[in-house]
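To start, the structure itself, in structure tokens.
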Amino acid sequence: MALSSNMLLAGYCQGLFPMADDDGTIQWYDVKRRAIIPLDTFHVPKRLARRVRNGGFEIRVNTCFREVMLACAAPRPGHDGTWISDAMVTAYSELHTLGFAHSVEAWAGDELVGGLYGVAVRGLFAGESMFSRATDASKVALVHLVERLRRGGFVLLDSQYIVGEHMLQFGTIEISRAEYQQRLAAALAVDAVF
């Protein structure tokens, strides 16, 4: 069965998220420990706060969603594959067209140098992936995302796993599956605006 926008929305509303295996097969995950970034205690390190204040990047939203996904899908140094398959790019791009998937982009002149994408369903924003081609570009995009989510009334920023130490600096925490389900239910009852 092909991955569809309806399938993605149903999965997120149940607390699931998809990843592709090396052969492109989509698997759905419901992990025991879930990483979230609490919006009310989001921490911006001092050096990064200076970078955000001093500029250096133009932040745009939803101007090149597919390009952000493709940049996130590019293999990382030291890794051969990617968990973002072509089928996922197609399905999430459809979700973007429907107004549920969004990108926050860092630009240096005419060059896309960093960004992130994720899915917004009511008060939930499920952060999917980020990339950076310039120092701090994805981190600056994350700071702008959190500001936007706060303004829009979001209550849950899901980051799925803690991947590397870089996410801990923002106050990322792990919670149990049961607590995640409680927070998800509360988020789905909120009428937030991206």
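The values are calculated or read from the model by the stated rules, or taken from the named source; none is laboratory data. Since this is a predicted model, take the numbers as computed values, not measurements. Glycine also receives a Cβ, built like all others from the backbone with ideal geometry; neighbour counts cover every protein chain displayed.
Please tell me if SER129 is within 11 Å of the chain's Cα centre (by Cα) and hydroxyl-bearing (Ser, Thr, Tyr).
The answer is yes for SER129.
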So which residues in region 169-194 are at pLDDT 95 or above and of a type in the set (D, E, K, R), if there are any at all?
ARG177, GLU179, ARG183, ASP191
Flag if THR97 is more than 29 Å from ARG50 (Cβ to Cβ), surrounded by fewer than 23 Cβ atoms within 10 Å (Cβ to Cβ), out of contact with any Phe, Trp or Tyr (no Cβ under 8 Å at 6 or more places or on another chain) and modelled with pLDDT of 95 or more:
yes
Selection status of ARG53, among the basic types (Lys, Arg), within 19 Å of VAL146 (Cβ to Cβ) and in contact with a Ser or Thr (Cβ under 9 Å, 6 or more places away or on another chain):
no
For ALA186: the one exception among (1) crowded, with 22+ Cβ neighbours inside 10 Å; (2) touching a residue at least 60 places away in the same chain (Cβ under 8 Å):
(1)
Any residue in region 2-21 that's under 22 Å from ALA185 (Cβ atoms) and touching a residue at least 24 places away in the same chain (Cβ under 8 Å): show its pairings with residues that are among the acidic types (Asp, Glu) and not in a helix (DSSP H, G or I) at Cβ separation under 7 Å, as long as the two are six or more apart or on different chains.
GLY15/ASP30
Any idea which residue in region 171-193 is nearest to GLY99 (Cα to Cα), counting only those that are assigned to a loop (DSSP other than H, G, I, E, B) and out of contact with any strand residue (DSSP E or B) (no Cβ under 6 Å at 6 or more places or on another chain)?
VAL193
Can you tell me which condition CYS13 does not meet? The list is (1) at pLDDT below 95; (2) within 23 Å of GLU174 (Cβ to Cβ), and all the others hold.
(1)
By residue number, the members of region 113-126 that are more than 8 Å from the chain's Cα centre (by Cα) and either more than 16 Å from ARG51 (Cβ to Cβ) or of a type in the set (A, V, I, L, M) (or both) are VAL113, ALA120, VAL121, ARG122, GLY123, LEU124
Kindly check whether there is at least one residue in region 105-127 that is within 18 Å of ARG76 (Cβ to Cβ) and in contact (Cβ under 8 Å) with a residue 60 or more places away in the chain.
yes
Give region 108-126 a look and list any residue that's more than 19 Å from PHE17 (Cα to Cα), surrounded by fewer than 24 Cβ atoms within 10 Å (Cβ to Cβ) and in contact with a Cys (Cβ under 9 Å, 6 or more places away or on another chain), or say none.
LEU112
State the number of residues belonging to region 16-56 that are at pLDDT 90 or above and more than 19 Å from the chain's Cα centre (by Cα).
1
